[in-house]
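The next block holds one structure in the form of structure tokens; read it before the comments.
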Amino acid sequence: MASGTMLAKTFSRLGYHILVTNEYPSLIRGGHNVVTIRIATEKFASLDHNLHILVALNQETIDLHKNELSRGSVIIFDPHDGKPQESDFKEKSSKLLSIPLTDLVTKHRGDPVMRNTVALGATLALLGADFAKLSQVITDQFGRKGQEVVGHNLAIAQEGYDYVKHNFAEFNSFYLDKPGKMVRQLIVNGSEAVGLGAVRAGLKFAAIYPMTPINALITFLADHAKDFGIIYKQPEDEIAGINMALGASVAGARSMVATSGGGFALMVEGLALSGMIEAPLVVDMGMRVGPATGMPTYTEQGELQFMIRAGHGEFPRIILAPGDAEEAYQLTFEAFNLADKYQIPVIMLTDKYLNESQWCVPESVFTDQVEIDRGKLITREPPGEFKRYRLDVPDGVSDRTLPGLPNGLFFANSYEHDETGQLATKGDQRKAMADKRLRKFKAIEKAGKAPAVLGLDDSEITFVSWGSTKGIILEAIKLLAQKGKKARLIHFSWLYPFPREAQKILSSDSRLILVEQNATGQLGQLVREATGIEIREKLLKYDGQPFFPEEIVKKVTQ
């Protein structure tokens, strides 16, 4: 993964667009790992089925991925591990490039794992790029370890680069065209984008128990906690985590938790507590294959309905789902504003594919002006009698105070209460307070965002989807255009409460096709419940792998 990131950074700094995905088994003892990188001169939104260069550090890699190779592809292998059978690759005219990775590492007295670094230099040479930019990336990567380590890695990468240049100079068919206009980009994974959005929104407290696929968020927050004045706490479990975050929220700090489905199941009681005491809270819920432990390092979109129904009793919440790293940053910032404005939990639905893939995002996205909205938070002594859960508020949102204001004291516990937070036992008190909380739904619905319509209005095909399938469908639309078919995408990033405008947008004459990474079409269920529209054509995938654009095209053309 480190080598894949360095290759991606190299080409990003050269002005190319990149996307990096990784796959690894759900085994503590390890197993086959693969990193896939797409590099292009123009902006794109997902991987495709093209595999031009396969770097095989063992025979297993060749066995597992040889059927994915494109025609005229190249396989880099180490003769130290034996030579693959050339007859296996004749059908696709693939070329075998024997590069003595082990010998070149040994020559420099390197650790065997540094074969990755030799392969990094060799791949750069096959793509026709200058070594100087990789040299800069390696220097940045290992700079903290000292000049000796930097020099060692540079020398080994140079060996791979020079070996290809001297021995395989004729393999220049993969030389990349020069990129277009240079745009300064950052390479971030989805979890890092969530972290950037949270920090920008004024995050001050995060309690997160490690769980795939949100662990990169922990690393990001822990690494930068001192720089940004953030407390990151690793609790003993998810129950403690959400209660800590709620305590921080009541104290006035913007706080969040992050987890996946199994951890969220433990947080559900705390989620309901957030609803009762009306404490703002942001939850990053990273989806993976379930139920139970399932396949924790693979991707899925199986928890939308769980998020809508989670928690005992009835209380409002907002559910958002970013489609890429840029949206992950923007929606996380928005989530904190929404949580404060309506004093509710806001759930961000991400997934393994989004969280752990690396995306290039223009730097300008992160430097745009943003406005923090703390809602009805009173930071000074409130005048007159303070009622934390005041009933006569049209939008259901009462003023809240910071601790330490003598005239702003209130009770916040899990029992039903009156306007001051004191225990309520009468039916009319209960109904009045429940009505007050549920009035927020109407206010939230007015603020809800309609789904984005991406594509031409006169399209014969309309895809309907949410979350990280966005980019894959957009790439499929490009392929369909090459076949003379017009298609568009209705992309939901605001899922709940279901946006009012969606019914009109979905009531089109074109062919509707639902695309989701689950087995039951959970967005389709929500659409039918909210609008009465049933999307009959469904493309559902739940094998743990993200869609490829070609799969979607095949479905449509069939």
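The values are calculated or read from the model by the stated rules, or taken from the named source; none is laboratory data. If you're wondering where the values come from, they're calculated on a predicted model, not measured in any experiment. For neighbour counting, all protein chains shown are included, and Cβ atoms are generated from backbone atoms with ideal geometry for every residue, glycine included.
In the set Phe228, Phe220, only one residue is aromatic (Phe, Trp, Tyr), surrounded by fewer than 24 Cβ atoms within 10 Å (Cβ to Cβ), touching a Ser or Thr at 6+ places or on another chain (Cβ under 9 Å) and in contact (Cβ under 8 Å) with a residue 24 or more places away in the chain; that residue is Phe220. Screening Tyr353 on (1) of a type outside the set (Gly, Ala, Ser); (2) modelled with pLDDT of 95 or more; (3) within 28 Å of Met244 (Cα to Cα); (4) buried (at least 20 other Cβ atoms within 10 Å of the Cβ) shows it passes everything except condition (3).
Exactly one residue out of Leu203, Leu196 is out of contact with any Lys or Arg (no Cβ under 6 Å at 6 or more places or on another chain), under 23 Å from Ala328 (Cα atoms) and at pLDDT 95 or above, and it is Leu196. Against the condition surrounded by fewer than 18 Cβ atoms within 10 Å (Cβ to Cβ), in the same structural domain as Leu7 (by TED's automatic domain parsing), small (Gly, Ala, Ser) and closer than 30 Å to Arg38 by Cβ, how does Ala155 come out, does it pass? Here the answer is yes, as Ala155 does meet what is asked.
From the list Ala222, Ala240, Ala253, the lone residue that is over 24 Å from Phe306 (Cα atoms), outside the structural domain of Arg430 (by TED's automatic domain parsing) and over 24 Å from the mean Cα position of the chain (by Cα) is Ala253. Taking segment 441-455, which residues are assigned to a loop (DSSP other than H, G, I, E, B) and either buried (at least 16 other Cβ atoms within 10 Å of the Cβ) or touching a strand residue (DSSP E or B) at 6+ places or on another chain (Cβ under 6 Å) (or both)? Result: Gly448, Lys449, Pro451. Consider segment 126-150 and keep the residues that are of a type in the set (S, T, N, Q) and without any contact (Cβ under 8 Å) to a residue 60 or more places away in the chain. The one that is nearest to Asp162 (Cα to Cα) is Ser135. Among the residues of segment 51-99, those identified as polar (S, T, N, Q), in a loop (DSSP other than H, G, I, E, B) and modelled with pLDDT of 90 or more are Asn58, Ser70, Ser73, Ser93, Ser94.
Do we find a residue being among the small types (Gly, Ala, Ser) and part of a loop (DSSP other than H, G, I, E, B) anywhere in segment 428-440?
no
Of all the residues in segment 481-513, those that are in contact (Cβ under 8 Å) with a residue 40 or more places away in the chain, surrounded by fewer than 20 Cβ atoms within 10 Å (Cβ to Cβ) and outside any loop (DSSP other than H, G, I, E, B) number 3. Only a single item in (1) buried (at least 18 other Cβ atoms within 10 Å of the Cβ); (2) farther than 24 Å from Tyr415 by Cα is not met by Arg254, and it is number (2). The set of residues in segment 254-278 being closer than 24 Å to Leu196 by Cβ and touching a Ser or Thr at 6+ places or on another chain (Cβ under 7 Å) consists of Ser255, Ser260, Met267.
Does segment 239-253 contain at least one residue that is touching a Lys or Arg at 6+ places or on another chain (Cβ under 7 Å), more than 15 Å from Val283 (Cβ to Cβ) and not hydroxyl-bearing (Ser, Thr, Tyr)? The answer is yes, given that some residue of segment 239-253 is touching a Lys or Arg at 6+ places or on another chain (Cβ under 7 Å), more than 15 Å from Val283 (Cβ to Cβ) and not hydroxyl-bearing (Ser, Thr, Tyr). In summary, Gln545 fulfils each of the numbered conditions (1) in contact with a Leu (Cβ under 9 Å, 6 or more places away or on another chain); (2) of a type in the set (S, T, N, Q); (3) in a loop (DSSP other than H, G, I, E, B) with the single exception of condition (1). Out of Lys204, Lys145, one residue alone is among the basic types (Lys, Arg) and in contact with a strand residue (DSSP E or B) (Cβ under 9 Å, 6 or more places away or on another chain). It is Lys204. Quick one: which of Leu101, Leu19 is over 28 Å from the mean Cα position of the chain (by Cα) and in contact (Cβ under 8 Å) with a residue 40 or more places away in the chain? Just a single option satisfies the conditions, and that option is Leu101.
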